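I'd like to ask you about the structure that follows.
The values are calculated or read from the model by the stated rules, or taken from the named source; none is laboratory data. Everything numeric here is computed off the predicted structure, so don't read it as measured data. Cβ placement follows ideal geometry from the backbone for every residue including glycine, while neighbour counts extend to all protein chains displayed. Side chains included, ligands, DNA and RNA excluded: accessible areas come from the protein's heavy atoms. Shrake-Rupley method; radii C 1.70, N 1.55, O 1.52, S 1.80 Å.
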Amino acid sequence: MSQLNDVIEQSVRAQDAPFLVAMVGDKDGIKWSGSSGDRAPGQKATPDTVFRIFSMTKAVGSTAAMILMDRGKLDPNTPVEAVIPEFAKIPEFAKIKVLDGFDGATPRLRAPRGKATVRQLATHTSGLVYEFWNPDIAKYLEVTKHPSILSGLKASLFYPLAFDPGERWEYGMGIDWLGQVVEAVDGRKIDQFCREEILDPLKMPDTRFEVEDRMTGRLSSVSIRGEDGKFADYPIAPPSRPEFYGMGHALYSTAPDYMRFLRMYLNKGQLDGKRLLSEKAVETLLSNQIGDIKIGLLKTVVPALTADAEFFPGRKKGHSLAFQRIEEDVPGMRSAGSQFWAGVLNTHFWLDPKKNIAAVLLTQSLPFVEPRFMGVYDRFERAVYAL
């Protein structure tokens, strides 16, 4: 355990991260936790520090959809427009189209060759992609003044498709639409659904769509690394009380809470006697859902906010209904079939069902996946598997 403490403390001392909170567990409980540095001026980081987890929200949104699938209320092969007719339309009532480039500053659009499905929303194969790694979508938002998905505006959902559904994998905001599917099928708003069906049953009191009063004093600051290599304050957060809660980015959480979520998966759908998903549903959810489609490098459009992003470059990866997967053993690290993802402020996690390990490594910093932070992640994971 001292090796894990050393990784955390040395990394903060070297300013590879502004502060760190980390935790390791298995299906039976927490095996180690540690923290180092100041989460905010004059406040030491503690295990119950509150984080803006951004894209770690996605796995919760996919779990919500899987709960409905498990109950026979939703089929992953259903076209999205069959559940939400407005998915096929933008506010001006023209069908969502594929962005096929530009004529000068004018977007060139065409009809998609297929209909996006619920499965494709969950696996980033629908054609809906973020502007942070796709220059055409970034240009589209700029020239059309279309709001970013991070605005919280309902109109922001209606990005054009960057490619035909099912054609390839590219990271995006499909799970924001998946949350809308859950609302349409179930009838409850997504925040209510998640609280009643996932967060409260798993006893995750600090995982919320808004920062509640008892969480305020534990909320961390956000830092961005400047060209001089030093960290500076950078205020950023999901929009408060938005027109809709985006299941791609909306949640706040803590290390102990998110570990309960991961441990539920290690326990095949239940935790402490409370079952969320059947064992069969968990097996389905965790399996590769994209076949031979390759997951490769996301080339940054905004280097100040994110580096080029690819986990385990050169190794085969897949995507389950809730997580990215590694499809081969990584020597000294996670096993084939391990599930993982992250949030843009460098909140990272993985679960390794084969070796019965789950872990989180959390800070609040930009750029996302910068090399210095990824070095910390590598050292941390190797220390976990060396225990």
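If you average the alpha carbon positions of the stretch 118-133 and of the stretch 234-259, how far apart do those two centres end up, in angstrom?
Going from one Cα centre to the other spans 19 Å.
Against the longest principal axis of the chain, how steep is helix 174-186, in degrees 0 to 90 to the nearest 10, with axes from Cα atoms?
Between helix and principal axis, roughly 80 degrees.
Determine the per residue accessible area of the chain with all protein chains present and a 1.4 angstrom probe, expressed in square angstrom.
Accessible area per residue, the chain: 39 Å².
Starting from the Cα of residue 27, draw a straight line to each of the aspartates and glutamates and keep only those under 13 Å, dropping any in the same chain fewer than 8 residues away.
272, 352
Roughly how many debye, to the nearest 20, is the charge dipole of the stretch 280-359 about its Cα centre, given +1 on each Lys and Arg Cβ, -1 on each Asp and Glu Cβ, and no other charges?
Computed charge dipole of the stretch 280-359: roughly 60 debye.
With all protein chains present, how much of the accessible area of the stretch 202-337 (probe radius 1.4 Å) comes from carbon and sulfur, to the nearest whole percent?
51
Kindly provide the helix-only [θ] at 222 nm of the chain, computed as the sum of -39,500 (n - 2.57) over DSSP H runs of four or more divided by all residues, to the nearest 500 deg cm²/dmol?
-7500 deg cm²/dmol
If ligands, DNA and RNA are left out, what is the accessible area of residue 2 with a 1.4 Å probe, given in Å² to the nearest 10?
Accessible surface of residue 2 is approximately 80 Å².
If each residue of separation counts as 0.36 nm, what is the full-extension length gain between residue 192 and residue 102 once their alpha-carbon separation is subtracted?
28.3 nm
If I ignore ligands, DNA and RNA and count only protein heavy atoms, how much of residue 213 is accessible to a 1.4 Å probe, in Å² to the nearest 10?
140
Let me ask you something else. Excluding residue 357 itself, what net charge comes from residues whose Cβ is under 14 Å from its Cβ, given Lys and Arg +1 and Asp and Glu -1?
Local net charge: +2.
Would you work out what percent of the accessible area of the stretch 6-112, with all protein chains in place, is carbon or sulfur (probe 1.4 Å)?
Summing carbon and sulfur atoms, their accessible area is 50 percent of the total for the stretch 6-112.
If you don't mind, another one. Looking at (1) 52; (2) 65; (3) 46, which value of percent of Cα pairs over 27 Å apart comes from a calculation on the structure shown?
Computed from these coordinates, percent of Cα pairs over 27 Å apart corresponds to label (3).
Which lysines have a Cα less than 19 Å from the Cα of residue 317, not counting those fewer than 8 places away in the same chain?
Of all the lysines, those that pass the test against residue 317 - Cα under 19 Å, at least 8 places apart if same chain - are 58, 294, 299, 354, 355.
Over the stretch 241-364, what is the mean sequence separation of C-alpha contacts under 8 Å (at least six apart), divided by residue count, expressed as relative contact order in percent?
18
Once amide H atoms are built 1.01 Å from N in the peptide plane, which residues 5 or more positions from residue 109, or in another chain, come under 5 Å H to H?
Answer set, sorted by chain and number: 100.
If you don't mind, there's one more thing I want to ask. Considering the dipole of the chain built from charges on the beta carbon (Lys and Arg +1, Asp and Glu -1) around the Cα centre, which of 171, 42, 67 is farthest to its positive end?
67
Turning to a different aspect of this structure: Which whole-angstrom value gives the distance between the alpha carbon centres of the stretch 179-213 and the stretch 339-367?
After rounding, the separation between the Cα centres reads 21 Å.
To the nearest 0.05, how large is the calculated FRET efficiency for residue 38 and residue 14 if R₀ is 22 Å and r is the Cβ-Cβ distance?
0.90
Among 177-185, 295-303, how do they line up from the highest to the lowest mean number of other beta-carbon atoms within 10 Å?
Top to bottom by mean Cβ count within 10 Å: 177-185, 295-303.
Where does each of 345, 305 land when they are ordered by accessible area, with a 1.4 Å probe and the largest first?
Putting 345, 305 in descending order of accessible area: 305, 345.
Further question on the same structure: Kindly rank 269-282, 107-120 from highest to lowest mean number of other beta carbons found within 10 Å of each residue.
107-120, 269-282
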